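A.B. asks: The structure under discussion is supplied below as structure tokens; questions concerning it will follow.
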Amino acid sequence: MYKLSKSRILIILAICLIGVFFAVPNLIRDNKNLPSWWQPVNLGLDLQGGSNLLLQVQVDDVIKERMANVEDSMRQILRENKIRYTNLSAQDNFVRVKIDNQLSKDKARSLFQKIDDGIVVETDEDGFLVISYSDVAINQLKLKIVDQSIEIVRRRIDELGTKEPVIQRQGTDRIVVQLPGLQNPEEVKYLLGKTAKLSFHLVDSRSNAADARRGKLSSSSRLINSAEGGTYVIKRKPVVGGENLVDANVSFQEGSPVVSFKFDSIGGKKFGEATKNNIGEQLAIVLDNEVLSAPTIQTAITGGSGVITGNYTTESANELAMLLRSGALPAPLEVLEERTVGAGLGADSISEGVTASIIGFIAIVVFMVLAYGLFGIFTTITVFMNLFLMLGALSLMGATLTLPGIAGIILTIGMAVDANVLIFERMREEVKAGRTPKDAAEAGFTEAWATIVDSNLTTLVAAFVLFYFGTGPVRGFAVTLAIGIATSMFTSVTVTRLIIAAWIARYKPKKLPI
């Protein structure tokens, strides 16, 4: 068997040492004080315990809001084109209006279709024009809303520092949120329950709340409650929306916490123009359909930033800033189901998994030693190294280990010696053919290599398919299986070859003990 070069030996040893180094945190009981880059494998919900939430995305609320916006657009179109109409009203998923003149009705129909993509204009049996979204547009809107909700839920939970949360769609309008290690989900429920839809509206100084309650209210204004218990009449159309917000943080004014915010270039320009043209007017800051504050504009604010004041504590100001940073949910979320998984179940699962791994490992060692003697002991060393490399790789990747992941590890332990069995059987054939120990060992590794690659490649393809099409625990199994195949090929062939080469060079045997 040829002598391995020093550089190749150093590379093999370096890989083994790196694997062991990153696997060590998994063997340390108190690992909370370890640096962030040197952490153990993250445990999933089924192993660590935690919280499981099933959320319902209130898509119908968004459609209803869309129809209210369509109603405003229709009213503006009808007035601009001086079309006489009656009974304009928005329902949950359509808007209807009565136009008696046929020419005016045809003109309005063509104008209404330009309001938004997917708009359908029909005439009902009473002669009303009925405007709604097509089924295709509704389905696309639902998919978009749920996708946006998942992304914003992920941002908010990441702000909490929860390790490896599982956030995924269930059905068409539900989201599953799994939070390993979090036994009290109340804080998460509060954060996810806030839509955090921010907008800035001018206060209608020509109207007051009393007149609005009596029905004396312009169609361009609306009545809204204040967080402090009062009411305001504000313009329906915001001067700038929360979608232009790029940052929000807590700062202090006169010793009190406030939330400072910053707009992007478009939002900053809108905000600057609105404050420049309305000096002396009040600007209402509206969050989730409630006025947080309504300061009077003293001067033009052209820097694209401002502050939200109120009776905030440092904690409540931090919560608001976090919600604004993560963005507004496109639709409210309702908690349909809440489950807390105790850590005891996870401890039992880990204990049983470790027990199964030990039993499988002992069985493999006994078989290999009985079947191949000294070379079986060499295989035992490589199986140990394979376990360390797997744990090191999982820790380095920040992967989450679940119960199916443990099953993948146990399966990999059994598969780890397959390559060695192929190599050693080939060596036996070469010894029987009368070849020298060096030549027989060399032939064992060289001739068995193609078969080893073929057998492991098919399993690796299966692992990739499981990862691509699977979700949650199935992906965890696929990850550990794929990593286990890669590390077992390295240890079974490369590390075993190094050990046997060193043994042959050291003892120069006349016959292979196999």
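The values are calculated or read from the model by the stated rules, or taken from the named source; none is laboratory data. Quick caveat, the model's predicted, so the values are computed rather than measured. Every residue, glycine among them, receives a Cβ derived from its backbone with ideal geometry; neighbour counts consider all protein chains shown. Just the protein is used for accessible areas: all its heavy atoms, side chains included, with ligands, DNA and RNA removed. Shrake-Rupley method; radii C 1.70, N 1.55, O 1.52, S 1.80 Å.
A.B. asks: With a 1.4 Å probe and all protein chains left in place, how much accessible area per residue does segment 284-369 have, in Å²?
C.D. replies: 50
A.B. asks: Considering only protein heavy atoms, what per residue accessible area in square angstrom results for segment 215-275 with a 1.4 angstrom probe?
C.D. replies: Numbers: 3270 Å² over 61 residues.
Roughly 54 Å² per residue, with all protein chains present.
A.B. asks: Quick check: the angle from helix 265-277's long axis to the longest principal axis of the chain, C-alpha only, nearest 10 degrees?
C.D. replies: 20
A.B. asks: With all protein chains present, how much of the accessible area of segment 12-52 (probe radius 1.4 Å) comes from carbon and sulfur, to the nearest whole percent?
C.D. replies: Using a 1.4 Å probe with all protein chains present, segment 12-52 comes out at 65 percent carbon and sulfur.
A.B. asks: If you place +1 on the Cβ of every Lys and Arg and -1 on the Cβ of every Asp and Glu, how big does the dipole about the Cα centre of segment 8-130 come out, in debye to the nearest 20?
C.D. replies: For this selection, approximately 520 debye.
A.B. asks: Continuing with this model, one more query. Just the number, please: carbon plus sulfur as a percent of the accessible area of segment 157-250, 1.4 Å probe, no ligands or DNA/RNA counted.
C.D. replies: 44
A.B. asks: Hey, how many Å between the Cα centroid of segment 288-339 and the Cα centroid of segment 11-37?
C.D. replies: Answer, in whole Å: 42.
A.B. asks: Related question: How big is the gap, in Å, between the Cα center of segment 340-415 and the Cα center of segment 418-444?
C.D. replies: Measuring centre to centre over Cα atoms gives 28 Å.
A.B. asks: Normalised by the number of residues in segment 234-350, what is the relative contact order in percent for Cα pairs under 8 Å and 6+ residues apart?
C.D. replies: 29
A.B. asks: Now for a separate question. Using a 1.4 angstrom probe, figure out how much accessible area segment 1-158 has per residue, in square angstrom, rounded to the nearest whole. Mind dumping the intermediate values first?
C.D. replies: Values: 9190 Å² over 158 residues.
Here the residues of segment 1-158 average 58 Å² of exposed surface.
A.B. asks: Let me ask another. Could you work out how much longer the chain between Asp117 and Arg155 gets when fully extended? Use 0.36 nm per residue separation minus the Cα distance between them, nm to one decimal.
C.D. replies: Result for the pair: 10.7 nm of gain on full extension.
A.B. asks: Give the value in nm², to one decimal: projected area of the alpha carbon convex hull of the chain, averaged over all directions. Don't skip to the answer; put the middle values down first.
C.D. replies: On the way: hull surface 137.5 nm².
Result: a mean projected hull area of 34.4 nm².
A.B. asks: Something else about it: How large is the charge dipole for segment 377-487, taken about the Cα centre, if only the Cβ atoms of Lys, Arg (+1) and Asp, Glu (-1) carry charge, to the nearest 20 debye?
C.D. replies: About 200 debye.
A.B. asks: Defining a contact as two alpha carbons under 8 Å apart and six or more residues distant in sequence, what relative contact order in percent does the chain show?
C.D. replies: Taking the mean separation of contacting Cα pairs over the length of the chain, I get 20 percent.
A.B. asks: Another question, then. In degrees between 0 and 90, to the nearest 10, how far off the longest principal axis of the chain does helix 314-326 point, with axes built from Cα atoms?
C.D. replies: In the chain, helix 314-326 runs at an angle near 80 degrees to the longest axis.
A.B. asks: At a 1.4 Å probe, what is the % contribution of carbon and sulfur to the accessible area of segment 371-444?
C.D. replies: The C+S portion of the solvent-accessible surface of segment 371-444 is 69 percent.
A.B. asks: I'd like to compare 446-454, 173-181, 125-133, 39-47: which one has the highest average count of other Cβ atoms within 10 Å, and what's the full order after that?
C.D. replies: On the way: 446-454: 14.2, 173-181: 21.0, 125-133: 16.2, 39-47: 22.7.
Descending packing order for the listed peptides: 39-47, 173-181, 125-133, 446-454.
A.B. asks: Nearest 20 debye, what's the magnitude of the dipole of the chain about its Cα centre given +1 on Lys and Arg Cβ and -1 on Asp and Glu Cβ?
C.D. replies: Computed about the Cα centre, the dipole is about 1440 debye.
A.B. asks: For segment 55-106 and segment 132-183, write down the distance between their C-alpha centroids in whole Å.
C.D. replies: 30
A.B. asks: Can you pull the one-decimal nm distance between simple spin-label points at Ser7 and Lys189, each 7 Å off the Cα toward Cβ?
C.D. replies: For the pair Ser7/Lys189, the computed spacing is 6.2 nm.
A.B. asks: Give the angle, between 0 and 90 degrees and rounded to the nearest 10, that separates the Cα long axis of helix 473-489 from the longest principal axis of the Cα atoms of the chain.
C.D. replies: The two axes meet at around 30 degrees.
A.B. asks: On to the next question. Anything over 18 Å Cα to Cα? Flag those among Lys197/Lys235; Lys82/Lys270; Lys82/Lys107; Lys438/Lys508, in the order listed.
C.D. replies: Long pairs (Cα-Cα over 18 Å): Lys82/Lys270.
A.B. asks: Hey, another quick one. Using only the heavy atoms of the protein chains and a 1.4 Å probe, how would Ser7, Ser226 rank by accessible area, largest first?
C.D. replies: From most accessible down to least: Ser7, Ser226.
A.B. asks: Relative contact order for segment 375-474: what is it in percent, counting Cα pairs under 8 Å that are at least 6 residues apart?
C.D. replies: Values: 38 pairs, mean separation 26.9, N = 100.
Normalised by residue count, the contact order of segment 375-474 is 27 percent.
A.B. asks: Taking the Cα-to-Cβ direction at Ile28 and at Glu125 and moving 7 Å from each Cα, how far apart do the two end points lie in nm?
C.D. replies: 7.6
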